[in-house]
1. Three principal axis extents, largest first, for the C-alpha atoms of the stretch 49-121, in Å?
2. Please work out, to two decimal places, the log10 of the ratio I(q)/I(0) at q = 0.11, 0.13 Å⁻¹ from a Debye calculation in which every Cα of the chain carries one identical scatterer.
3. Which whole-Hz ³J(HN,Hα) couplings does the stretch 175-181 yield from phi under the Karplus relation 6.51 cos²θ - 1.76 cosθ + 1.60, θ = phi - 60°, glycine and proline marked x?
4. Once the principal axes of the Cα atoms of the stretch 86-141 are found, what is the range along each, listed largest first in whole angstroms?
5. Please give the Cα centre distance for the stretch 232-276 versus the stretch 141-164, rounded to the nearest Å.
6. Arrange Arg82, Arg166, Arg254 by Cβ neighbour counts within 10 Å, fewest through most, would you?
7. Beta carbons within 10 angstrom, averaged per residue: use that to sort the peptides 169-182, 273-286, 140-153, highest first.
8. Could you give the size of the charge dipole of the stretch 172-303 about its Cα centre, using +1 on the Cβ of each K and R and -1 on the Cβ of each D and E, expressed in debye and rounded to the nearest 20?
Amino acid sequence: MKHLISLTALALVAACQTFPSDPVPAETTTVTIVETVEVPPPTPVEPTQGQQWLFGSAEARVAMVQDWNAIASYVEAKAASRPNASVVLAPGATAESADFLACGADQPLAAVFDADETLIWNLGSMAAFDRMSTGFDPKVWDQWEKTGAGKAVAIPGVKDAFDRIRAAGVEIIVNTNRNNANYAGTADTLKAAGLGEFAHEQTLFLRGDAPGGSGKDGRRYLISDNYCVIALAGDQLGDIADIFNDKTLTPPARKALTASASFDTLWGNGWFILPNPVYGPSIAGTMDEVFPAETYWEPAAKE
Ligand SMILES: [Mg+2]
């Protein structure tokens, strides 16, 4: 019996050690289980080779400064000599019969330039396309036209050239394939890049301002109603004349057209093309089209 009492006392002592004499009321606790998932690191975004060259290289900067110096020098010299013929191809002109619009004696002089990758580099949208890995997206581009001001930069050499062209008394007119519904955003973008004020349908012409869709001849004729155009510049041949945009032309045939006797003397002499290895109809051609058969060569076989 004595043995039993001792066991009971021991049990009570053990109970007191296990449970507090005044137990804490039970609480409801919510436990959130966080599952850890291994997320692979994002694939690093890289610019394309063309973007590295055009937007990132010293060589591109120098090429652009050279080109814009040449354009300004040409315009200054031409303005001083007061030409009576425009460099805008007349309607129906061909390589065999190149004909240019006439200039009225009292028409003010103008130089007509494309905007994208001619006056400005679209760095904001180009990087966004890279990050999205989508390539060009028209809906995103439409947003860019509206809101990109401040995120596009003037191409090196353009501001100095504009100062010289304006000082020579020549009006600068922009003819761009941006949508005319977004003219305000485009004017803002040019202004924010430091290129000055442009007024819709006076010094800024956009797609939709004349018949012909993305063809620019209609707008060139419209501009020529009021101005004698002494220089055209752009990064694509359509910035010069729609005749070069014939979709049936292969890259070699398109190249040959620029070399026709009527047109060849105009390059650097009223017509100016700036480099753009990033996009546009120049990025085309098969192995056979790019590398002429007569240049075929093989290295010696490995021993
Ligand atoms: Mg362009």
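1. That gives 44, 30, 19 Å along the principal axes, largest extent first.
2. So the normalised log intensities work out to -0.75, -0.98.
3. 10, 10, 8, 5, 5, 5, 5
4. In descending order, the Cα extents are 51, 29, 16 Å.
5. With the stretch 232-276 and the stretch 141-164 each reduced to a Cα centre, they are spaced 24 Å.
6. Values: Arg82 11, Arg166 14, Arg254 18.
Listing Arg82, Arg166, Arg254 from fewest to most nearby Cβ atoms yields Arg82, Arg166, Arg254.
7. Values: 169-182: 19.9, 273-286: 16.4, 140-153: 17.9.
Top to bottom by mean Cβ count within 10 Å: 169-182, 140-153, 273-286.
8. Values: 10 positive and 16 negative charges, 63 e Å.
Value, rounded to 20: 300 debye.
Values quoted throughout were computed directly from the atomic coordinates according to the rules given, and no laboratory measurement underlies them. Here the structure is a predicted model, which is why all the values come from computation and not from measurement. So basically every Cβ, Gly included, is an ideal-geometry build from the backbone, and we count neighbours across all protein chains shown.
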